[in-house]
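Visitor: The structure is given below, and queries will be raised subsequently.
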Amino acid sequence: MTNIKTVFVTGGAGYIGSHCVLSLLEAGYNVVAIDNFVNSVEQQESAASLDRVSRITGKKIIFYKCDLLDIQQLDDIFNKHQFDCVIHFAAMKSVGESIKQPLMYYKNNIVGAMNLLDVMAAHECYQLVFSSSCTVYGNPIFLPITEDHPIGNVTNVYGRTKYFIEEILKDSVNSDPKWNVISLRYFNPVGAHSSGLIGEDPTKNFSNLMPYIALVALGKKPTLSIFGGDYETPDGTGIRDYIHVMDLAEGHVAALKKLQSKQSHLEVFNLGSGQGTSVLEFVQTFENVTGVKVPYIIEARREGDIGSMYANCDLARTKLGWTAKYTLDDICRDFWRWQSLNPNGYKGNSITSTNGDTCH
Ligand code: WQD
């Protein structure tokens, strides 16, 4: 039994990372986080999201601005702290951008992950939770998707980087039984913490449905473009498995507890709601919950999109004791609270240093 006390979180200032850091702190873990802000539109110098996580929890977070491609700085951080486990979120994540700039994605996501594994091993830290993605499944052969669905037939570079990293982890574990790894395959993370203080920053690069609904709801975009009305789904629009970001965060806490049991060296789990929701159903739910109309137009399908994708999460339920608790109504309500309180995301609210000082 390896008792985990201090967790190193890469990409900790991001949308999913910051919500996970909140859950880790509330579960009693110490957190050291890094981020290079590559997913931010403007180059930030501080982690406003983590500053707010500290305010919500009343707990301190040690933060460094660090790029995983800077292996020397990464090693220096591991020299300063004793990490019991790493949660690796840091990655570029735009499906569309990945197709246009593959080398940037392979370098940032794969070389970054390999640097992390090298430095972890050099410091005898072999416990890892990896942020993977349902995109590794490619076009589903069957639904709902279970973890034994074939992977690797992916439709975009982003998904391929996640698949390659899963393969690198599998080979690492096979070569050295000291590794203790859990890969979590996220479906569609959406929503925000109920405080309304943290959420997906609308000023960042995005292509996802929820931020676009927000732009329309905030009056910043006249209509929502719905990509495709001719899929083989009940209403013709794409079906996805939307999971509340706090359910996702709790899934990581459950994964840490599973790692501590050291029952195996490599396990993979789907993290989703287990429900398929169409774009039109999502829009309708958002309007019902918030009372805000979202005008839309149905356009041509988006390149690389698939029709339906949703998860079977029985394995996470039975092995991690985890299941999604929040509903689509909760997702829309929490998201809209965050979005309407922070129409410009985290702009102008950051007071966090970037030289390893603690957040306030
Ligand atoms: C959802 C649905 C679109 C925008 C995401 C992430 C990927 C991975 C899986 C974690 C689709 C439709 C969207 C819009 C629309 N998650 N849509 N109008 O493509 O499922 O992939 O989840 O790793 O990283 O990208 O999510 O939100 O882009 O699309 O109609 O303006 O909404 O066609 O059916 P996707 P998405």
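The values are calculated or read from the model by the stated rules, or taken from the named source; none is laboratory data. Keep in mind that what you see is a predicted model, and the values were worked out from it rather than measured. Quick reminder, even Gly has a Cβ in these numbers, built from the backbone with ideal geometry, and neighbours come from all protein chains shown. Surface areas here come from the heavy atoms of the whole protein model, side chains and all, with no ligands, DNA or RNA. Shrake-Rupley method; radii C 1.70, N 1.55, O 1.52, S 1.80 Å.
Visitor: Which members of region 98-110 meet the condition of being within 15 Å of the ligand (Cβ to nearest atom) and open to solvent by 60 Å² or more (accessible area, probe 1.4 Å)?
Guide: Result: I99, K100.
Visitor: Under the condition of being in contact with a strand residue (DSSP E or B) (Cβ under 9 Å, 6 or more places away or on another chain) and among the hydrophobic types (A, V, I, L, M, F, W, C), which residue from region 232-253 is surrounded by the fewest Cβ atoms within 10 Å (Cβ to Cβ)?
Guide: The extreme case among them is I239.
Visitor: Could you tell me which residue of region 124-139 is nearest to C20 (Cα to Cα), considering only residues that are of a type in the set (S, T, Y) and within 16 Å of the ligand (Cβ to nearest atom)?
Guide: Filtering region 124-139 for residues that are of a type in the set (S, T, Y) and within 16 Å of the ligand (Cβ to nearest atom), the one nearest to C20 (Cα to Cα) comes out as S131.
Visitor: Please work out if L74 is more than 16 Å from the ligand (Cβ to nearest atom) and either at positive phi or not in a strand (DSSP E or B) (or both).
Guide: yes
Visitor: Considering only region 195-217, state which residues are modelled with pLDDT under 90 and either more than 11 Å from the ligand (Cβ to nearest atom) or β-branched (V, I, T) (or both).
Guide: D201, P202, T203, K204, N205 - these are the residues of region 195-217 that are modelled with pLDDT under 90 and either more than 11 Å from the ligand (Cβ to nearest atom) or β-branched (V, I, T) (or both).
Visitor: Provide a single number: the residues in region 103-162 that are at pLDDT 95 or above and not in a helix (DSSP H, G or I).
Guide: Number of matching residues: 23.
Visitor: So for region 150-160 (the condition being more than 16 Å from the ligand (Cβ to nearest atom) and either in contact with a Phe, Trp or Tyr (Cβ under 9 Å, 6 or more places away or on another chain) or of a type outside the set (A, V, I, L, M) (or both)), does at least one residue qualify?
Guide: So far as region 150-160 goes, yes, one or more of its residues are more than 16 Å from the ligand (Cβ to nearest atom) and either in contact with a Phe, Trp or Tyr (Cβ under 9 Å, 6 or more places away or on another chain) or of a type outside the set (A, V, I, L, M) (or both).
Visitor: Residues of region 254-287 being in contact with a Pro (Cβ under 8 Å, 6 or more places away or on another chain) and either on the phi > 0 side of the Ramachandran plot or open to solvent by 40 Å² or more (accessible area, probe 1.4 Å) (or both), which ones?
Guide: H265, G274
Visitor: Oh, and also: Residue under question is F142, and the condition is that it be within 11 Å of the ligand (Cβ to nearest atom) and either farther than 28 Å from Y326 by Cβ or open to solvent by 10 Å² or more (accessible area, probe 1.4 Å) (or both); does it hold?
Guide: No: the conditions fail for F142.
Visitor: Where residues in region 161-187 are of a type in the set (A, V, I, L, M) and surrounded by 20 or more Cβ atoms within 10 Å (Cβ to Cβ), which of them is nearest to the ligand (Cβ to nearest atom)?
Guide: Of everything passing the filter in region 161-187, L184 is nearest to the ligand (Cβ to nearest atom).
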